[in-house]
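Some notes on the structure that comes next.
The values are calculated or read from the model by the stated rules, or taken from the named source; none is laboratory data. Every value quoted in this text rests on a predicted model; they were computed, and no experiment measured them. Neighbour counts are summed over all protein chains in view; Cβ atoms, including those assigned to glycine, are modelled from backbone coordinates with ideal geometry. The area values use the complete protein model at the heavy-atom level, side chains included, leaving out ligands, DNA and RNA. Shrake-Rupley method; radii C 1.70, N 1.55, O 1.52, S 1.80 Å.
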Amino acid sequence: MSSSKTKNDWNDESTSEISVTLLPLSTEQTPSVLEMVQGPGAPRNYELHRPEYIVGRSVECDLPINSTDLSRRHVTLRRLPSGQFNLVDLQSRNGVFVNGVKVHSAVLHDGDSVQLGSVLFIFHEGRASS
């Protein structure tokens, strides 16, 4: 019998037994939130569970805002395959400002401010629950 160790010999002194606890991966996620900080009904949070939202003053919008500063259909928010939200101005009268810059469209990031007339929102990206 040979004195060399085989690959199945686990009695080597350089190894130690350890205890490992495995945690399940969470499939739950907190939704993205559009937080109204200024405007009629503020403060108010809108949780964004669906893939698309229309924001405007029309009661038929997904997020109706009772402000004459908004067009009937002012802006759309659409979830991208990456999970981020893309905002698109729907040819509104007063425009859309993201972080103080007038935009036609923009991908929103956590903490972005979104201004529609005198109505101000802060966008909060959803997160995987821990």
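Structural remarks
- Other-chain or far-sequence residues with amide H under 5 Å of Val37's (modelled H): Leu120, Phe121, Ile122
- The slack between Lys102 and Ile18, meaning 0.36 nm per residue of separation minus the straight C-alpha distance, is 24.5 nm.
- A 1.4 Å probe, protein heavy atoms only, puts the accessible area of Thr68 near 110 Å².
- Per-residue ³J(HN,Hα) for the stretch 54-64, Karplus 6.51 cos²θ - 1.76 cosθ + 1.60, θ = phi - 60°, Hz, x for Gly and Pro: 10, 10, x, 8, 5, 5, 7, 6, 5, 10, x
- Sequence of Asp110, Asp89 when ordered by accessible area, the most exposed leading, probe 1.4 angstrom: Asp110, Asp89
- A cut-off under 12 angstrom between Cβ atoms defines the neighbours of Gln84, and their net charge, with Lys, Arg +1 and Asp, Glu -1, is -1.
- Accessible surface for Arg79 stands near 80 Å², nearest 10, in the context of the full protein assembly shown (1.4 Å probe).
- The slack in the chain from Asp110 to Gln38, taken as 0.36 nm per residue of separation less the alpha-carbon distance, amounts to 24.1 nm.
- Extension gain, Arg93 to Arg127, is 8.9 nm, computed as 0.36 nm per intervening residue step minus the present C-alpha separation.
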